[in-house]
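Quick notes on the structure that follows.
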Amino acid sequence: GGLFHFASGCVEVFAEHASQFKRDNLAHRVDEINAYVHETYADPNLCLTLIAEHFNLTERYLSEFYKKNTGVNLSAYIEDVRMKKAQELLKDNAHVGEVAVYVGYMNVNTFRRAYRRQFGINPSDEMK
């Protein structure tokens, strides 16, 4: 019985470490994805497809993984990063059209809509 008891104890400890490793690894994966978004938010082509390709994942897996582990859709996170950067730039009196392009929007009207959705005001209202 002693050897069996010792072995089952080892299995429990291993399982505990494995699940901790998995949690740490998932957190690390989310951090990597977030870092990639912060590095590439200015790219107008940044989207789920591009990120999935970068990390060698399927779009569906990436989308479900990100949502499950953060509670947020990846597309919403991308928009949030872009809008926060845009807000900083606008508060420094940057031109709305330039800011839109800088944060990855090809169309200034699409940018304005996203900005209103995020902050409830027009981008031009941020300027001092």
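The values are calculated or read from the model by the stated rules, or taken from the named source; none is laboratory data. Small disclaimer: the values here were computed from a predicted structure and weren't measured. Positions of Cβ are backbone-derived with ideal geometry, glycine not excepted, and every protein chain shown enters the neighbour counts. Accessible surface is based on the protein model in full, side chains and every heavy atom, while ligands, DNA and RNA are left aside. Shrake-Rupley method; radii C 1.70, N 1.55, O 1.52, S 1.80 Å.
Given a 1.4 angstrom probe, I'd like the percentage of the accessible area of the stretch 33-126 that is carbon and sulfur, rounded to a whole number.
Of the solvent-accessible surface of the stretch 33-126, carbon and sulfur hold 48 percent.
Multiplying the sequence separation of residue 69 and residue 106 by 0.36 nm and subtracting their Cα-Cα distance, what value in nm do you get?
Answer, rounded to one decimal: 10.3 nm.
How large is ³J(HN,Hα), in whole Hz, for each residue of the stretch 110-124 in order, when computed from phi with the Karplus curve 6.51 cos²θ - 1.76 cosθ + 1.60 and θ = phi - 60°, using x for Gly and Pro?
For the stretch 110-124, the Karplus-derived couplings read 5, 4, 4, 4, 4, 5, 4, 4, 6, 10, x, 9, 6, x, 5 Hz, x marking Gly and Pro.
Report the chymotrypsin sites (Phe, Trp or Tyr not before Pro) located in the stretch 36-99 that are in a DSSP loop and have at most 15 other Cβ atoms inside 10 Å of their Cβ, or state none.
Taking the stretch 36-99 and a limit of 15 other Cβ atoms within 10 Å, the loop chymotrypsin sites (Phe, Trp or Tyr not before Pro) found are 55.
Rg/Rh for the stretch 73-128: what does it come to with C-alpha atoms and Rh from Kirkwood?
0.92
Using a 7 Å offset from the Cα along the Cα-to-Cβ direction at both residue 54 and residue 28, what is the distance between the two label points in nm, to one decimal?
Computed distance between label sites residue 54 and residue 28 equals 1.9 nm.
With +1 on the Cβ of every Lys and Arg and -1 on the Cβ of every Asp and Glu, and nothing else charged, how large is the dipole of the stretch 70-115 about its Cα centre, in debye rounded to the nearest 20?
With Lys and Arg at +1 and Asp and Glu at -1, about 100 debye.
Residue-wise, which Karplus ³J(HN,Hα) couplings in Hz belong to the stretch 58-64, taking 6.51 cos²θ - 1.76 cosθ + 1.60, θ = phi - 60°, and x for glycine or proline?
Whole-Hz 3J(HN,Hα) from phi for the stretch 58-64: 7, 4, 4, 4, 4, 4, 5.
Write down the accessible area per residue of the stretch 41-109 in Å², having rolled a 1.4 Å probe over the full set of protein chains.
For the stretch 41-109, the per-residue accessible area is 58 Å².
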